[in-house]
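Can you keep this structure in mind? I'll have questions shortly.
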Amino acid sequence: MAAANDLIHQQMRLRIMATLNALHKGETMEFTRLRNILQATDGNLGTHLNTLEGAGYLEIIKEFADRKPRSLIRLTRAGKTAFEDHVRYLREILEGPPAVSSAARRT
Amino acid sequence: MSITPEEAAAALQDINTTHTRSATLSVYARFAPYLILWGVVWFLGYGASALLSEGQAGLAWPPLVLLGSFGNWLITRRQTPDHGGWRYGAIFLFIGLFVVSVFTIFAPVSPRQSAAFFPLLVALAYLLIGLWGGLRILITGAVLGALTVLGFLALGPWFYAWMAVVGSGSLIMSGLWLRTV
């Protein structure tokens with residue numbers, strides 16, 4: 001059975017991960033857009049993003065566009081894997097662990 | 001950490017809702033620049049059709065369409081550098097072949113009829129994409145199609161001006177609408 005991820009299993013962080021996980025490969029999302037989608041405040045979102053970045057689950061790219069600073073955010077490979085593992089864990093709570101085939105059991 | 005089945009179900013529901021919303025808004029954000037680009041192209045093209053003679057307007061459209069297609073390609077390349085490729089060219093080839101075939105079968109086609117046909121084709125594409133892409137794209141297709149038919153049937157000589165202002169305006173407004181969260 002997959003394991004729970006305490007860091008991800010917090011409502012806002014779960015939403016952040018779900019939002020970023022819906023992006024195409026290599027695609028980033030601007031901080032302001034993420035904030036609007038999640039209807040979060042700057043401070044609240046920033047705190048959770050820092051926590052997730054510290055865990056290596058997402059990458060925050062700071063750059064200038066038209067002389068204005070902006071932050072672009074995307075999941076890292078580790079973040080994507082951690083999110084998918086946690087979702088699998090949640091599903092297994094509801095549906096039970098996946099059945100092991102007889103061939104796999106013999107090995 | 002212990003999570004009850006109720007908490008797991010609620011979390012999964014939350015994830016699903018957030019994912020769907022994020023994916024739809026991502027499609028909208030990708031779609032918006034195309035609408036704004038073609039809104040500007042249509043404004044110039046239909047504006048030329050409204051103000052110039054048929055011959056002069058006929059000369060204005062090809063470079064505008066080429067410019068629009070180039071802009072289209074640039075947007076696609078910027079958004080999906082690892083996608084498209086030859087398929088992107090194939091889309092234009094297929095659409096071109098379809099249009100030439102239709103116009104050959106229904107010839108003679110008046111400039112006014114052909115000016116109504118292209119927006120209808122675009123409206124149909126948006127309706128079909130909107131079935132999967134999201135409600136806002138579907139609405140854009142429906143509005144564009146309805147405005148085109150209305151202008152063609154009811155406005156006679158003002159059709160080109162109608163398309164320049166209302167047709168292109170609806171595309172640009174839709175593009176701006178798609179960019180909002």
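Between residue A:42 and residue A:6, what length in nm is gained on full extension when 0.36 nm per residue of separation is reduced by their alpha carbon distance?
Here the segment from residue A:42 to residue A:6 would lengthen by 10.7 nm.
Could you give the distance between the Cα centres of the stretch A:17-46 and the stretch B:119-181, to the whole Å?
30 Å
When the accessible area of the stretch A:11-95 is split by element with a 1.4 Å probe, what percent falls to carbon and sulfur?
44 percent
I would also like to ask the following. If you bin every alpha carbon distance in the stretch B:1-157 into 10 Å steps from zero, what whole percent lands in each bin?
9, 29, 33, 15, 7, 5, 2, 0
While we're looking at this one, here's another question. How many percent of the alpha carbon pairs in the stretch B:90-147 exceed a separation of 15 Å?
The proportion of pairs with Cα distances above 15 Å equals 55 percent.
Under a point spin-label approximation (7 Å from Cα along Cα-to-Cβ), what is the residue A:23-residue B:16 distance to one decimal in nm?
In this crude label model, residue A:23 to residue B:16 measures out at 2.5 nm.
Shifting gears a bit: Once the principal axes of the Cα atoms of chain A are found, what is the range along each, listed largest first in whole angstroms?
Cα spread of chain A along its principal axes, largest to smallest: 63, 24, 21 Å.
Considering only protein heavy atoms and a 1.4 Å probe, what is the carbon-and-sulfur percentage of the accessible area of the stretch B:1-136?
73 percent
Between chains A and B, what is the buried accessible area in Å², counting both sides, with a 1.4 Å probe and ligands, DNA and RNA left out, to the nearest 100?
Buried: approximately 2100 Å² between B and A.
Counting only Cα, what are the radius of gyration and maximum Cα-Cα distance Dmax of the protein assembly as shown, in Å?
Looking at the protein assembly as shown, its Cα Rg and Dmax stand at 24.5, 82 Å.
Anything in chain B that counts as a DSSP H helix reaching 24 Å or more along its axis (C-alpha) with Kyte-Doolittle mean of at least -1.0? List them, would you?
B:5-51, B:54-79, B:86-105, B:111-133, B:135-154
Can you sort B:66, B:121, A:52 by solvent-accessible area, 1.4 Å probe, largest first?
B:66, B:121, A:52
Could you give the accessible area per residue of the stretch B:1-101, probe 1.4 Å, as a whole number in Å²?
59 Å²
Using amide H atoms built in the peptide plane, which far-off residues or other-chain residues are under 5 Å from residue A:58 H to H?
A:53, A:76
Sticking with this one: In debye, nearest 20, what is the charge dipole magnitude of chain B about its Cα centre with +1 on Lys and Arg Cβ and -1 on Asp and Glu Cβ, if you could check?
For chain B, the charge dipole is close to 340 debye.
For the stretch B:121-181, count the residues as N, evaluate 2.2 N^0.38 Å, and divide the Cα radius of gyration by that value, please.
1.15
Taking the Cα centre of the protein assembly as shown as the origin and placing charges on Cβ (Lys, Arg +1; Asp, Glu -1), which of B:60, A:32, A:47 is farthest toward the positive end of the dipole?
B:60
Can you give the longest stretch of chain A with no exposed loop site, where a site means trypsin sites (Lys or Arg not before Pro) in a DSSP loop (not H, G, I, E or B) with at most 15 other C-beta atoms within 10 Å?
Formally, the longest exposed-site-free interval is A:26-66.
The values are calculated or read from the model by the stated rules, or taken from the named source; none is laboratory data. Given the structure is predicted, the values throughout are model-derived calculations rather than measurements. Neighbour counts are summed over all protein chains in view; Cβ atoms, including those assigned to glycine, are modelled from backbone coordinates with ideal geometry. Ligands, DNA and RNA are excluded from the accessible area calculation, which covers all protein heavy atoms including side chains. Shrake-Rupley method; radii C 1.70, N 1.55, O 1.52, S 1.80 Å.
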